[in-house]
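The block underneath contains the structure these notes are about, expressed in structure tokens.
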Amino acid sequence: MIIAIDGPSAAGKGTIAGKIAAHFGYAHLDSGALYRAVALALLRAGREPSDAAAAVSAAEELDPEIMNEPAIRDQETGAAASLVAAIPEVRRALVHFQRDFASHPPGGAAGAVIDGRDIGTVVCPQADVKLFITATDEERARRRMLELKGRGEAHDYEEVLSEIQARDQRDIERETAPLKRAADALLLNTTNLDIEAAFQAALDLIKASRDGARSA
Ligand code: DC
């Protein structure tokens, strides 16, 4: 069982994906953490995120343990991740890891929930269920502010909003595997939903999708 969850940053997809995985006993992969880990490895090596050759090497030699480091969540790492994610060879190097996770979920789990930007379109186009999770730019900026505040980082709202919009634009406009709703992805707008309500709405969509597939 593969559940693909895509959408722009701070729409709630990571939190929802984690809760869905826990609910069904599936393994969860936050694919954004892979791109962030590549970006962090690159920054630590003193290279620029636009240095394609260095980014490709960092992706090919990636130590998945870096995904567990808190520094992957820094604003600077996120911005660099969006740049390295636009490099086709970086994406190619990371797609194997993601497909392997989907077909052989760690711990012998009966399924995988993967969230990202291109899971339903490129990484796992055969996923059993696809969700596309969105929220308004302003609500996503508000959530990102709260997240940053929780980590002790003070940021200006307008600055966070424009950073989110710039990142969306890069993710949507890049040529390789852009952020896009798959034709068969179910849409969930979380703007007016808290985490619990968004999780319930996602569960309802998954159940409806599974029931529809069974009766088809
Ligand atoms: O979801 P996130 O903010 O952690 O993702 C960080 C960056 O990685 C984001 O700007 C886009 C990129 N990304 C991607 O291109 N494809 C994915 N499947 C996941 C993330």
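Things to note:
- Residues of the stretch 160-183 that turn out to be modelled with pLDDT under 95 and exposed (fewer than 13 other Cβ atoms within 10 Å of the Cβ), as a count: 5
- Top-ranked residue of the stretch 2-56 - restricted to ones that are within 14 Å of the ligand (Cβ to nearest atom), of a type in the set (S, T, N, Q) and within 16 Å of Gly78 (Cα to Cα), ranked as nearest to the chain's Cα centre (by Cα): Ser31
- Flag if Ser209 is without any contact (Cβ under 8 Å) to a residue 40 or more places away in the chain, away from the ligand (no atom under 14 Å from the Cβ) and among the polar types (S, T, N, Q): no
- Residues satisfying the stated conditions in the stretch 152-179, i.e. among the aliphatic types (A, V, I, L, M) and within 19 Å of the chain's Cα centre (by Cα): Val160, Leu161, Ile164, Ala166, Ile172, Ala177, Leu179
- Only one of Glu69, Glu65, Glu76, Glu60 that is under 21 Å from Ala112 (Cα atoms), open to solvent by 30 Å² or more (accessible area, probe 1.4 Å) and more than 10 Å from the ligand (Cβ to nearest atom): Glu65
- Count of the stretch 131-153 residues, restricted to those that are open to solvent by less than 20 Å² (accessible area, probe 1.4 Å), of a type in the set (Lys, Arg) and away from the ligand (no atom under 13 Å from the Cβ), is 0.
- Within the stretch 26-48, residues that are open to solvent by 60 Å² or more (accessible area, probe 1.4 Å) reach partners that are modelled with pLDDT of 95 or more with beta carbons closer than 6 Å, at six or more positions or on different chains, in the pairs His28/Ala17; His28/Gly18; His28/Ala21; His28/Val113; Arg47/Ala54.
- Considering Asp211, Asp156, the condition of being among the acidic types (Asp, Glu), over 21 Å from Ala80 (Cβ atoms) and open to solvent by 30 Å² or more (accessible area, probe 1.4 Å) is satisfied by Asp211 alone.
- Qualifying residue in the stretch 91-107 (condition: open to solvent by 10 Å² or more (accessible area, probe 1.4 Å), among the small types (Gly, Ala, Ser) and out of contact with any strand residue (DSSP E or B) (no Cβ under 7 Å at 6 or more places or on another chain)): yes
- Residue identified as of a type in the set (Val, Ile, Thr), at pLDDT 95 or above and either assigned to a loop (DSSP other than H, G, I, E, B) or more than 30 Å from Ala198 (Cα to Cα) (or both) among Val56, Val95: Val56
The values are calculated or read from the model by the stated rules, or taken from the named source; none is laboratory data. Here the structure is a predicted model, which is why all the values come from computation and not from measurement. All Cβ positions, glycine included, derive from the backbone under ideal geometry; neighbour counts span all protein chains shown. Protein only, heavy atoms only, side chains kept; ligands, DNA and RNA dropped before computing areas. Shrake-Rupley method; radii C 1.70, N 1.55, O 1.52, S 1.80 Å.
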